[in-house]
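The values are calculated or read from the model by the stated rules, or taken from the named source; none is laboratory data. Note that this is a predicted model, so its numbers are computed, not measured. For neighbour counting, all protein chains shown are included, and Cβ atoms are generated from backbone atoms with ideal geometry for every residue, glycine included. Note: accessible area is taken over every heavy atom of the protein model, side chains too, but ligands, DNA and RNA are not part of it. Shrake-Rupley method; radii C 1.70, N 1.55, O 1.52, S 1.80 Å.
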Amino acid sequence: DVWCEPAIRAKFDALGEELRFALLTSDVRVHDAAARPADAVPAVSVAKEGVWLGVRRSEARKCARCWHLRDD
């Protein structure tokens, strides 16, 4: 999960499903910064401010073709 300020969110949203490839992950969900939980971690290497991350293990199975953990 990524929580970000509106200007950054617009850039992430423009990538759509491709954002997961840019972040090297099986899935990503983008949310407004105002909704971030207290345990979200600032992403200081991505942006000086305005981006927070939350990471958790996927429950999905690994695809034999692409190795992503996805329900589809």
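For the chain, the longest principal axis of the alpha carbon atoms and the long axis of helix 6-15 meet at an angle near 20°. Summing charges over neighbours of ALA64, with a neighbour being any other residue whose Cβ is under 15 Å away from its Cβ, gives +2 when K and R count +1 and D and E count -1.
Relative intensity of the chain on a log10 scale, I(q)/I(0) at q = 0.11, 0.17, 0.23, 0.26 Å⁻¹, equals -0.29, -0.66, -1.06, -1.23, per a Debye sum over C-alpha point scatterers of equal strength in the absence of solvent.
Each label point was placed 7 Å from the Cα along the Cα-to-Cβ direction; for ARG65 and SER26 their separation is 1.6 nm. Rounded to the nearest 20 debye, the dipole magnitude of the chain is 280 debye, with +1 charges on Lys and Arg beta carbons, -1 on Asp and Glu beta carbons, and the Cα centre as origin. Each residue of the range 52-69 was assigned a 3J(HN,Hα) from its phi angle through the Karplus curve 6.51 cos²θ - 1.76 cosθ + 1.60 (θ = phi - 60°); the sequence is 10, 10, x, 10, 8, 6, 6, 9, 6, 8, 6, 6, 5, 7, 9, 6, 7, 8 Hz, with glycine and proline shown as x. In this structure the chain gives 79 Å² per residue of accessible area when probed at 1.4 Å with all protein chains present.
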